[in-house]
Amino acid sequence: MTRLKIGIIGLGEVAQIIHFPVLESLSERYEIAAICDISPKLLEVIGDRYHVPNRYVDAAEMTSLPELDAVLICNSDEYHADCVIAALQNKKHVLIEKPMCLTLQEADDIIRVRDEMGVKVMVGYMRRYAPAFVQMVEEVKKLDTINYVRVRDIIGGNHLFIDQSSKVHRFDDISEHAKLDRADRAAKLVKDAIGEAPADLRSAYRLLCGLGSHDLSAMREVIGFPKRVVSARQWNNGRFMSAILEYDGFHVTYETGIDHIRRFDAHIEVYGNNKSLKVQYNTPYMRHLPTTLQVNETNGEAYSETVVRPTFKDAYTCQFEYFYDVVVNDVTPKTTPEDAKEDLQLFQMLIEAMRENEPNS
C-alpha cells in the first residue's frame, strides 16, 4: 500500500487530540513527514512525540518540501486561505479543516489555484463522513414527503470535555506581533465577508463559520440549499442563534449555541409522513463515541423505534480513509471548495436576516 507523506500545519488541540492519533493508527496509509506551528516549544514537544524530522515555523516553507504528497491544514482559520494556496502552488494535495476560509473571495482564489495546479482539495467536514450520516442521506432519499426538519447544535464548550479526557500542550511563546496580526486579520476578513456590522453580528458570523459549518454543511447534503432564510435572530452577544429556513414544501428550524453545560446535543432530524430519521452526534474530542441513526416509524398498526450504530470507528478516521482514496485513487471528494463556498453564501444570508432584526435596523 502506498504511504502518503503528509505535512501538518497547526498543532493545537484538535491536532493533538484527534489528527495525530488517527494518522498514527493509519500508519499503513500515512507518514507524518513534516509539522508546522508558530510555537517553537509546541514544535519540539509534538515533533519528539511523533518522531517528525522536518519542523517549521513558516507554513509556506513547509509546503515547499519536495517529498510531501499532501498537507493537512488545521491552524487558525484566518490563515487557512494563505496556507491552502501555498500548498497548492507547491503541487500538494490538501485536506483543510472547516471552515475552509472566511470570505467568498478567498474561496474563489482557492478554487482558481486548485484548477491551475491540478491537485485535490478536500474540506474536513468530518460529520459528513460518519457512516450513520452516510446511511441517513440514503434513507432520506427514500422518503415520499418531508414535512419538517430540525437542525440543532447546543453544546458545552470544548474545554469541558477536553479537561476530563485529554492532555493538551499549550505554550505561551507566541510573539505579541503574531497575536496582533491574527486579531487584525480576523477583523478584516469578517468585514470583507459581511461588511460593517456590530460586535454581536461579527461574533455570530464567527460562530457560523466554526460550529455552524458542521451543522449547515451536513444539512445541505441531506436536503440541499434553502430557498431563503425566513427569519434569524442572535442573542447573548452572538453566542446563540436560531433561524427558520424555507424549502419547497417544508421548513427547517436551526438552533445553535455554546454554554457551560457538560453535554453535547447535536443532531439533524427529518420528519416524513410515517417515518422520522435522526442522526445524533457526540463530541469528537472523545474518540470512538458513536454517531447513531435513530429511525421512528409507523407501519400499519405497529410503531417502532430503532437505533442504528453502524460502527464505533470515529468520523475522523473515516474522513482520513476517504482522503487517502482522493489522493491515491483519484476520487473526487464530496466536500469540495465549491461545496464549502455554499456554506459561506448561507452564512451571509443568515447574517443579513439577523441584521434586519437588529433593534436599530
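Summary table
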read-out: Neighbours by Cβ (under 7 Å, 6+ apart or cross-chain): first from the stretch 327-340, within 17 Å of Tyr30 (Cβ to Cβ); second in a helix (DSSP H, G or I); value: Val331/Asp325; Pro333/Val326
read-out: Qualifying position, being modelled with pLDDT under 95 and more than 22 Å from the chain's Cα centre (by Cα), among His177, His159; value: His177
read-out: Enumeration of residues in the stretch 1-41 that are in a loop (DSSP other than H, G, I, E, B), under 23 Å from the mean Cα position of the chain (by Cα) and farther than 20 Å from Thr63 by Cβ; value: Leu26, Arg29
read-out: Odd one out for Val230, checked against (1) closer than 27 Å to Gly124 by Cα; (2) in contact with a strand residue (DSSP E or B) (Cβ under 8 Å, 6 or more places away or on another chain); value: (1)
read-out: Criterion: part of a helix (DSSP H, G or I) and either over 17 Å from Ile32 (Cα atoms) or open to solvent by 30 Å² or more (accessible area, probe 1.4 Å) (or both) - qualifying residue of Glu67, Glu78; value: Glu78
read-out: Extreme residue, least open to solvent (accessible area, probe 1.4 Å), among residues of the stretch 316-361 that are assigned to a loop (DSSP other than H, G, I, E, B) and among the acidic types (Asp, Glu); value: Glu358
read-out: Flag for Val57 being β-branched (Val, Ile, Thr), at pLDDT 95 or above and open to solvent by 50 Å² or more (accessible area, probe 1.4 Å); value: yes
read-out: Filtered residue count, the stretch 83-127, keeping only those that are under 19 Å from Leu346 (Cβ atoms), open to solvent by less than 10 Å² (accessible area, probe 1.4 Å) and either among the basic types (Lys, Arg) or in a strand (DSSP E or B) (or both); value: 3
read-out: Boolean, Ser203 is under 19 Å from Gly257 (Cβ atoms), among the hydroxyl-bearing types (Ser, Thr, Tyr), without any contact (Cβ under 8 Å) to a residue 40 or more places away in the chain and open to solvent by 40 Å² or more (accessible area, probe 1.4 Å); value: no
read-out: Total residues in the stretch 283-315, condition in a loop (DSSP other than H, G, I, E, B) and under 17 Å from the mean Cα position of the chain (by Cα); value: 7
read-out: Complete set of residues in the stretch 246-262 that are open to solvent by less than 70 Å² (accessible area, probe 1.4 Å) and farther than 20 Å from Ala204 by Cα; value: Glu246, Tyr247, Phe250
read-out: Single residue of Val149, Val140 found to be touching a residue at least 40 places away in the same chain (Cβ under 8 Å), part of a helix (DSSP H, G or I) and open to solvent by less than 70 Å² (accessible area, probe 1.4 Å); value: Val140
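The rows are residues; the columns are (1) aromatic (Phe, Trp, Tyr); (2) over 15 Å from Ala15 (Cα atoms).
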residue: Ser39; (1), (2): no, no
residue: Tyr50; (1), (2): yes, no
residue: Pro53; (1), (2): no, yes
residue: Lys92; (1), (2): no, yes
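The values are calculated or read from the model by the stated rules, or taken from the named source; none is laboratory data. On a predicted model such as this, the values are computed, not experimentally measured, just so you know. Positions of Cβ are generated from backbone atoms using ideal geometry, with glycine treated the same way; all protein chains shown enter the neighbour counts. Accessible surface areas use protein heavy atoms only, side chains included; no ligands, DNA or RNA. Shrake-Rupley method; radii C 1.70, N 1.55, O 1.52, S 1.80 Å.
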